[in-house]
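Bear in mind these aren't lab numbers, they're just calculated from the coordinates by the rules spelled out. This one's a predicted model, so the numbers in the text were calculated from it and none came from an experiment. Cβ placement follows ideal geometry from the backbone for every residue including glycine, while neighbour counts extend to all protein chains displayed.
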Amino acid sequence: MIRIAPSVLAADFSRLTDQLAQAEAGGADWFHLDVMDGHFVPNITFGPLIVSAIRKVTRLPLDTHLMIASPDTFIRQFRDAGADHIIVHQEVCTNLHRTVVRIRELGAKPGVSINPDTPASTLSSIISDIDLVLMMSVYPGFGGQKFIEGTIDRIKEVRALIQRTGRDVRIEVDGGIDVTTGPTVVRAGADVLVAGTAIFRRPDIAQAVRDLRKSVEQISAE
Ligand code: DX5
Ligand code: ZN
């Protein structure tokens with residue numbers, strides 16, 4: 001089953017509770033939370049305080065995407081704040097295996113994200129230890145960017161790596177996902193769609209979630 005994870009980055013934070021409820025009413029499966037530190041990416045968003053506030057108003061899994069230079073320092077705080085999935089970037093982890101083990105020890109599902117210019121093969125030694133791969137289909141830092149087409153082949157590469165492990169590892173795609181790009185990434189082997197603009201910047205948030213699901217419901221991976 002395809003999961004839809006609205007990215008709250010594109011929501012109106014002055015009406016966040018209401019907007020999350022609308023996304024849930026439309027059938028959202030997870031909420032995707034973009035944490036940015038102004039170092040790893042040229043933007044700052046929010047930290048554990050907002051994650052814990054969101055935790056109080058939804059029971060959906062919180063898919064927490066750490067775009068921060070020193071994730072090890074903050075993993076516990078995000079877990080305590082209620083993050084269910086903790087995703088770190090391959091590019092900043094000097095001991096990725098240790099980081100992933102730590103996330104699991106704290107009771108969260110570990111995920112690893114790679115930027116569009118990081119070779120998919122860098123995941124080969126960690127794939128057996130994680131539950132999620134977050135493929136960036138834009139350069140991280142901002143919502144509303146255009147989907148990078150080269151992501152399609154990279155998703156296929158990661159799906160092949162996963163198949164070799166025989167494990168159930170989800171592939172999430174993040175950046176420029178909508179009713180046009182969503183079906184193409186699902187065909188390539190993705191099973192979680194992260195979408196900010198295509199959901200929260202539409203007049204009817206619940207309908208936007210339904211539309212995205214409808215666009216992919218008849219599709220199976222190639
Ligand atoms: C970008 C973030 C994304 C972003 C996606 O750095 O990781 O999660 O919110 O936004 P859209 O769907 O607008 O491309
Ligand atoms: Zn993200």
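Looking only at residues in the stretch 99-118 that are of a type in the set (Lys, Arg) and part of a helix (DSSP H, G or I), the one that is farthest from Asp174 (Cα to Cα) is Arg102. Considering only residues that are crowded, with 23+ Cβ neighbours inside 10 Å and of a type outside the set (Val, Ile, Thr), which ones fall in the stretch 177-199? Hits for the stretch 177-199 are Gly182, Ala190, Leu193, Ala195, Gly196, Ala198.
Scanning the stretch 46-59 for residues that are surrounded by fewer than 20 Cβ atoms within 10 Å (Cβ to Cβ) and within 16 Å of ligand 2 (Cβ to nearest atom) returns Phe46, Gly47, Ile50.
Among residues of the stretch 56-81 that are within 15 Å of Phe46 (Cα to Cα) and touching a residue at least 12 places away in the same chain (Cβ under 8 Å), those with a beta-carbon under 7 Å from a residue that is in a loop (DSSP other than H, G, I, E, B) and aliphatic (A, V, I, L, M) at least six positions away or on a different chain give the pairs Leu62/Ala83; Thr64/Ala83; Met67/Val41; Phe74/Ile68; Ile75/Leu106; Arg79/Leu106; Arg79/Ala108.
Reported count of residues in the stretch 150-200, each being over 12 Å from His32 (Cβ atoms), in contact (Cβ under 8 Å) with a residue 40 or more places away in the chain and within 15 Å of ligand 1 (Cβ to nearest atom), is 4.
Here Gly26 meets the list (1) in contact with a Phe, Trp or Tyr (Cβ under 8 Å, 6 or more places away or on another chain); (2) crowded, with 19+ Cβ neighbours inside 10 Å almost entirely, failing just condition (1).
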